[in-house]
Amino acid sequence: MTKPRPPADITTAQGARLRFEVVDVRHHRPDYYADVLAGYKAIRLIDDRGRTRGELVWRLATGQTVEITEFGIYDEADRRQGWGTQLLEAGLASMREFFLGKPYKLRRIYIFCDSINEQGRRFYEAHGFELAAILPRFYHYCDAAMYARDMEREDIA
Ligand SMILES: CC(C)(COP(=O)(O)OP(=O)(O)OC[C@H]1O[C@@H](n2cnc3c(N)ncnc32)[C@H](O)[C@@H]1OP(=O)(O)O)[C@@H](O)C(=O)NCCC(=O)NCCS
């Protein structure tokens with residue numbers, strides 16, 4: 001397989017050359033991206049033997065929008081006893097902490113869920129998320145259901 005290459009340089013109408021550079025975001029506008037990278041948290045649900053039984057990962061998507069990128073109680077036998085609800089609460093608490101003292105507030109939390117995942121969809125619907133969009137063929141095996149929760153209404157942070 002040939003190595004992907006960035007597009008060729010550009011020559012402006014005035015004859016100047018422009019080139020493309022790929023930079024890790026930590027080194028690109030560091031003030032802004034330090035904040036974005038700090039806003040990327042994993043909340044783990046750990047038992048007394050140190051095993052992780054569930055996780056929620058969220059990231060700052062825009063200055064005022066958070067995406068939950070991972071969310072689950074690993075073992076099926078552990079589900080449907082309120083752990084997911086408490087994990088979501090722990091996630092919201094960590095978002096609230098992140099936004100504390102920031103000049104902007106958290107407006108929306110969103111998540112992409114397999115459209116065929118009925119338990120996930122029922123869970124979000126039971127927790128204040130509304131279906132925002134269906135994205136056709138988002139995954140190779142099914143559509144995505146995008147759910148969003150309006151945090152402005154709740155004044156979370
Ligand atoms: C979605 C998930 C995290 C929910 O966790 P959980 O611990 O089972 O959820 P809770 O026990 O806190 O459920 C809270 C409410 O959500 C709804 N809900 C949860 N699972 C449901 C199911 N299988 N069918 C219908 N409603 C369900 C119910 O309203 C439930 O309240 P109730 O039990 O009083 O009726 C869990 O099912 C899971 O890990 N699934 C696999 C991964 C996944 O689908 N992740 C989300 C998509 S990205």
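Being exposed (fewer than 15 other Cβ atoms within 10 Å of the Cβ) and β-branched (Val, Ile, Thr) is the filter here, so list the residues in region 55-93 that pass it.
Once the filter is applied, which keeps residues that are exposed (fewer than 15 other Cβ atoms within 10 Å of the Cβ) and β-branched (Val, Ile, Thr), region 55-93 yields 62, 69, 85.
Among the residues of region 94-105, is any surrounded by 15 or more Cβ atoms within 10 Å (Cβ to Cβ), closer than 16 Å to residue 128 by Cβ, at pLDDT 95 or above and within 10 Å of the ligand (Cβ to nearest atom)?
So far as region 94-105 goes, no, none of its residues is surrounded by 15 or more Cβ atoms within 10 Å (Cβ to Cβ), closer than 16 Å to residue 128 by Cβ, at pLDDT 95 or above and within 10 Å of the ligand (Cβ to nearest atom).
Pairs only if they're at least six apart or on different chains, beta carbon under 7 angstrom, first in region 73-88 and within 14 Å of residue 52 (Cα to Cα), second within 7 Å of the ligand (Cβ to nearest atom) and assigned to a loop (DSSP other than H, G, I, E, B); list them, first residue then second.
Between residues of region 73-88 that are within 14 Å of residue 52 (Cα to Cα) and residues that are within 7 Å of the ligand (Cβ to nearest atom) and assigned to a loop (DSSP other than H, G, I, E, B), the close pairs are 73/79.
Scan region 24-75 for residues that are of a type in the set (Gly, Ala, Ser), closer than 22 Å to residue 106 by Cβ and within 16 Å of the ligand (Cβ to nearest atom) and jot them down.
Result: 42, 61.
Please go through region 92-125 and give me each residue that is of a type outside the set (Val, Ile, Thr), in a strand (DSSP E or B) and in contact with a helix residue (DSSP H, G or I) (Cβ under 8 Å, 6 or more places away or on another chain), ordered by number. Give the derivation first.
Going through region 92-125, the residues of a type outside the set (Val, Ile, Thr) turn out to be 92-108, 110, 112-115, 117-125.
Now narrow it down to the ones that are in a strand (DSSP E or B): 108, 110, 112-114.
Hits for region 92-125 are 113, 114.
So residue 120 fits all but one of (1) under 20 Å from residue 36 (Cα atoms); (2) crowded, with 16+ Cβ neighbours inside 10 Å; what number is the exception?
(1)
Hey, any hits in region 17-32 for a residue that's at pLDDT 95 or above and more than 26 Å from residue 129 (Cα to Cα)?
Yes: one or more hits.
Hey, any hits in region 138-145 for a residue that's small (Gly, Ala, Ser), over 18 Å from residue 35 (Cα atoms), within 12 Å of the ligand (Cβ to nearest atom) and touching a helix residue (DSSP H, G or I) at 6+ places or on another chain (Cβ under 8 Å)?
Yes, some residue in region 138-145 is small (Gly, Ala, Ser), over 18 Å from residue 35 (Cα atoms), within 12 Å of the ligand (Cβ to nearest atom) and touching a helix residue (DSSP H, G or I) at 6+ places or on another chain (Cβ under 8 Å).
So, in region 38-63, of the ones that are touching a Leu at 6+ places or on another chain (Cβ under 6 Å) and not charged (D, E, K, R), which residue ends up modelled with the lowest pLDDT?
So, considering only residues that are touching a Leu at 6+ places or on another chain (Cβ under 6 Å) and not charged (D, E, K, R), the one modelled with the lowest pLDDT is 39.
Table: residues versus (1) in a strand (DSSP E or B); (2) without any contact (Cβ under 8 Å) to a residue 24 or more places away in the chain; (3) on the phi < 0 side of the Ramachandran plot.
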site	(1), (2), (3)
4	no, yes, yes
13	no, yes, yes
32	no, yes, yes
37	no, yes, yes
44	yes, yes, yes
61	yes, no, yes
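Can you tell me which residue is nearest to residue 52 (Cα to Cα) among those in region 106-120 that are more than 10 Å from the ligand (Cβ to nearest atom) and either of a type in the set (A, V, I, L, M) or in contact with a Cys (Cβ under 9 Å, 6 or more places away or on another chain) (or both)?
109
The values are calculated or read from the model by the stated rules, or taken from the named source; none is laboratory data. The structure presented is a predicted model; accordingly, all values stated were derived computationally and were not measured. Note that each Cβ is placed from the backbone with ideal geometry, even for glycine, and that neighbours are counted across all protein chains shown.
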